[in-house]
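Written below as structure tokens is the structure these notes are about.
Where a number appears in this text, it was derived from the coordinates with a stated rule and is not lab data. Note that the coordinates shown come from a computational prediction; the quantities given were computed from them, not determined experimentally. Positions of Cβ are generated from backbone atoms using ideal geometry, with glycine treated the same way; all protein chains shown enter the neighbour counts.
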Amino acid sequence: VVVVQNASVLELKKALRRHIQLRQARQGGGQHLSWKYIWRTYHLTFAGEKLADDRKKLREYGIRNRDEVSFIKKLRK
């Protein structure tokens, strides 16, 4: 997924959503994903740190070109 150098976590989430929807459209899948459910159930993480603040810049988390972020399931409260 490509985002600008000074993108925020929210912009990364939007780019992920766009990327996955385009990939589904190319594969002919009409399956609907509930992004509200995904963001409520999973955290984006980088190097073991949760990307919790949507307004924070990716650079502040130390994310650079070609770095990998992943989803982890949120724990129940």
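Between the helical axis of 9-26 and the longest alpha-carbon principal axis of the chain there is an angle of about 20 degrees.
Here the translational diffusion coefficient of the chain follows from Stokes-Einstein with Rh set to the Kirkwood radius across Cα pairs; for 20 °C and 1.002 mPa s it amounts to 159 µm²/s.
Positive end of the dipole of region 9-73 (Cβ unit charges, origin at the Cα centre): among Q24, L44, G62, the Cα lying farthest that way belongs to Q24. Here the chain is assigned +1 on the Cβ of each Lys and Arg and -1 on the Cβ of each Asp and Glu. Its dipole about the Cα centre then comes out at about 280 debye. Taking K and R as +1 and D and E as -1, what net charge do the other residues with C-beta under 14 Å from the C-beta of A25 add up to? In short, +4. Amide H contacts under 5 Å for I63: none, restricted to partners 5 or more places along the chain or on a different chain, H placed in the peptide plane at 1.01 Å from N.
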